[in-house]
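Everything on this sheet refers to the single structure shown next.
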Amino acid sequence: MGYIQRNLADGERVVYQTKLHRVIFVWPAVVLLIALAAAKSGFVAMAQIFLLIGLVTGVSACLTYFASELAVTNRRVFGKLTAGYTSHFPEVLLVELTDVRLKRGFLAKFFDYGTVVVTDKSGASYKFGCVPTQFYQHVQERVKAVQRLLGSKPA
């Protein structure tokens with residue numbers, strides 16, 4: 001049982017659950033390709049350095065990917081985002097949300113991911129970085145559904 005399932009409140013159900021986007025593996029792969037190119041070109045020392053960097057960043061990306069969980073439920077948006085030895089646990093109730101935004105750069109548009117920034121009534125912002133675009137779509141749909149029920153203006 002994962003973090004999401006262990007932390008559901010009574011009557012709360014998961015609408016959408018995901019992990020970070022697999023794009024987090026791109027940079028370790030690029031570094032390993034550089035190591036391969038350096039080895040083929042005869043730059044053994046440089047190849048070894050890039051191989052080590054690629055392996056370390058690759059293991060870190062794997063740990064981050066498998067340890068992170070994100071969910072949209074019928075009541076809130078929350079998750080566990082892990083990076084290295086630290087984790088943070090963003091959580092915000094859907095009824096408290098006033099704004100939902102998706103920030104994407106060029107590569108993010110190409111690979112269909114981004115950073116979802118949600119803002120609550122107190123003005124606090126919560127960032128869910130490197131998430132699939134579907135996460136944003138589900139947050140937006142749930143916020144609109146909750147606000148229709150409450151008769152308030154959509155985010």
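Where a number appears in this text, it was derived from the coordinates with a stated rule and is not lab data. These numbers were taken from a predicted model, which means no experiment stands behind them. Quick reminder, even Gly has a Cβ in these numbers, built from the backbone with ideal geometry, and neighbours come from all protein chains shown.
Figures for the structure shown
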quantity	calculated
Acute angle (nearest 10 degrees) that the helix 44-67 long axis makes with the longest principal axis of the chain, alpha-carbon atoms	20 degrees
Calculated FRET value between K127 and L36, using beta carbons and R₀ = 35 Å, to 0.05	0.55
In Hz, Karplus ³J(HN,Hα) per residue of segment 117-133 (6.51, -1.76, 1.60; θ = phi - 60°; x = Gly, Pro)	10, 10, 10, 9, 4, 7, x, 6, 10, 10, 10, 10, x, 6, 10, x, 4
Interchain or long-range residues, amide H under 5 Å from R75's placed H	R13
Reachable aspartates and glutamates, given that their alpha-carbon falls under 18 Å from the alpha-carbon of K103 and they are not under 8 places away in the same chain	D112, D120, E141
Value of Rg/Rh across segment 1-52 [Cα atoms, Kirkwood radius]	1.43
For segment 107-112, 3J(HN,Hα) per residue [Karplus equation, 6.51 cos²θ - 1.76 cosθ + 1.60, θ = phi - 60°, Hz, x = Gly/Pro]	5, 5, 5, 5, 9, 6
For C130, residues with placed amide H under 5 Å, excluding near neighbours	G114, T115, V116
Above-threshold pairs, the threshold being 32 Å between Cα atoms, out of K40/K80; K19/K144; K109/K144; K19/K121	K40/K80
Computed lengthening from F25 to Q137, 0.36 nm per intervening residue step minus Cα-Cα distance	38.0 nm
